[in-house]
Each structure stands twice: as C-alpha cells, then as structure tokens.
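A quick write-up on the structure given underneath.
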Amino acid sequence: MGSKQPFEFRASFIELDEGLEVLHTSVERLRQAMGRTVDDRPLMLFETALGEIGSNVLTHGRPPGTEMPVDYVLRFEGGVVEASLTDSGAPVHEHLKREMPAHESERGRGLAMARSLLDELGYRRDGDVNRWRLVKRL
Amino acid sequence: MALDVQTRQTDGGIIVLAATGRLDVAGAPALKDAVSEAAKNGSSRVVIDMEGISFVDSTGLGSVISALKQIRGSQGDLRLAAPNQQVRVVLELTTLDRVFPYYATVEEALTGF
C-alpha cells in the first residue's frame, strides 16, 4: 500500500503493558503499510509523542474501580497521521501548559515533549471522559 | 516488551548494564532496580549499554536521571553507550544530552572512564 492509501487501526485496552504494546504495534503496522523504515524520522517523532500521551492515559486515565477501557484509533490519510485516545480519568486542563522541567527533575516532561513533537495536540473534556487528538504530517 | 537488564563487571571494575526492550513507564523500574543493586555493591562507575533499547519515553528518561543522581551521590559517574536514533532525539529534545555524555559504543564509553 502506498502512502496515499488511507489506513485505520482501532483498539480498546485496559492494562498498561497491553496498551503500550498495542500503541507501538499500531505504529509498526502503519510503518509497514507506508513502506517506511524504523529510522523514518517523522513517524519516529509521532511514535514518541504517542508513547507519552498513551502512558499518561494508561497511568492516570483509569480511576480505581472503573471498568472503562481506553479507546484508541490511529488513522493516516492525505499525508497526515492522527491518533485519538479516550479515557475516563480526571480532567487534566491544569497540566496541559506544563513546560519542560529542569534537568534534575525525574518527571513532568511528557506533555511538553508531545507538544513539541506534534503539529497539533488536542485535548477536550467531553462529559466524563478526556479526548486526546495527536496530529502530525508525515 | 518488558525491559531486560543484564549486569556485568569489566576487568577494570566498571559495571555495564545492558538493557534490552523499551525503557518506558513499564520498563523503567527494571533499570532502577539494576542501578540500585550496582550502587549497593559499591560500584561507582556505571555504563548503561543502550544498544538493545528500542524506545525511550520520559519516564524511562527519568529512571536514567535517577540513576545519575544515585551514582554521582556516591562520588561515581554514569555514561550512556550506543543509544539509537529515537533515544538520541529524546535526549536532544529535552536538552539532557548536555547532562549525559553518550558514546557510540560500549568500548568508547569504557575508554578513559
């Protein structure tokens, strides 16, 4: 399949390990579908951002006691890759503008990294769920 | 893919931690455990062989920062060897390449350490 053909991957997951594996598998399938190599820089940058948002969602997006899975869709069309993640965690508005922390900090880089790696990082609270949208032109 | 960490000691007494897998939120504890074990045994010079690390995220990076603090806290030092392109990009993006000297190979990291 050439890069002009649309691509779509859908999954729902609950566990951290399972979810991370699915996210990386989906990018690998897109990479193969597009005929790109593991060193393809735009796709590698997108996968890095997806790993950051995905791990945040999987870590914080499933409050104790909830059975709600994380819903995930990866699409590629017209030269643009877009991922959406939906979780049932608490609202995260206050974290969105977080800047890159000092070198000695061991945490808090994920959102700043994702913002700088993507063309667009969208977030909105929709009722009881968080909806994330990650967009990058490849 | 869980992170696997193999520990060996060179003739010169340097600890080499060879990690394989993804150094991410799921894999970071394995690296932290290996570094803590090395520090507990009094090792002051540690090289993390990253050749087998396919992907790093900010939590994985945090475990490397934690390792650096722990080792430097006991007057030692840490070097990174053989990071792939994705790991180098993350180090540069976070400007942590200014904090961590990284080397193309383990042999280069061991030279003069």
Residue satisfying condition, being facing chain A (nearest Cβ under 7 Å), more than 13 Å from the chain's Cα centre (by Cα) and surrounded by fewer than 17 Cβ atoms within 10 Å (Cβ to Cβ), within set B:Gln75, B:Gln85: B:Gln85
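Every residue, every condition in (1) within 11 Å of chain B (Cβ to nearest Cβ); (2) within 28 Å of B:Ala67 (Cα to Cα); (3) out of contact with any Pro (no Cβ under 6 Å at 6 or more places or on another chain); (4) at pLDDT below 90, yes or no:
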site: A:Asp17; (1), (2), (3), (4): yes, yes, yes, no
site: A:Gly54; (1), (2), (3), (4): yes, yes, yes, no
site: A:Arg62; (1), (2), (3), (4): no, no, yes, yes
site: A:Val81; (1), (2), (3), (4): no, no, yes, no
site: A:Met100; (1), (2), (3), (4): yes, yes, yes, no
site: A:Arg107; (1), (2), (3), (4): yes, yes, yes, no
Mind listing whichever residues of region B:88-112 are touching a residue at least 24 places away in the same chain (Cβ under 8 Å), hydrophobic (A, V, I, L, M, F, W, C) and surrounded by fewer than 16 Cβ atoms within 10 Å (Cβ to Cβ)? B:Val99
Among (1) surrounded by fewer than 22 Cβ atoms within 10 Å (Cβ to Cβ); (2) closer than 28 Å to A:Asn56 by Cβ, B:Val64 falls short only on (1)
Of the residues in region A:26-39, how many are modelled with pLDDT of 95 or more and within 20 Å of B:Asp24 (Cβ to Cβ)? 6
Is region B:33-47 home to any residue that is within 13 Å of the chain's Cα centre (by Cα), over 23 Å from A:Thr48 (Cβ atoms) and within 11 Å of chain A (Cβ to nearest Cβ)? no
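For every residue, the table says whether it meets (1) touching a residue at least 40 places away in the same chain (Cβ under 8 Å); (2) buried (at least 18 other Cβ atoms within 10 Å of the Cβ).
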site: A:Phe76; (1), (2): yes, yes
site: A:His95; (1), (2): no, no
site: A:Pro101; (1), (2): no, no
site: A:Leu111; (1), (2): yes, yes
site: A:Arg124; (1), (2): no, no
site: A:Arg137; (1), (2): yes, no
Test B:Ala18 against the stated conditions and say whether it is hydrophobic (A, V, I, L, M, F, W, C) and either surrounded by fewer than 17 Cβ atoms within 10 Å (Cβ to Cβ) or within 14 Å of chain A (Cβ to nearest Cβ) (or both). no
Kindly evaluate B:Ile53 against the criterion of being in contact with a Gly (Cβ under 9 Å, 6 or more places away or on another chain), within 14 Å of another protein chain (Cβ to nearest Cβ) and hydrophobic (A, V, I, L, M, F, W, C). yes
Answer yes if at least one residue in region A:30-38 is more than 11 Å from chain B (Cβ to nearest Cβ), loosely packed, with under 13 Cβ neighbours inside 10 Å and free of Cβ contacts under 8 Å to residues at least 12 places away in the same chain, and no otherwise. yes
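The values are calculated or read from the model by the stated rules, or taken from the named source; none is laboratory data. Predicted, not measured: the structure shown is a model, and the values here were computed from it. Heads up, the Cβs are rebuilt from the backbone with ideal geometry, glycines too, and the neighbour counts pull from every protein chain shown.
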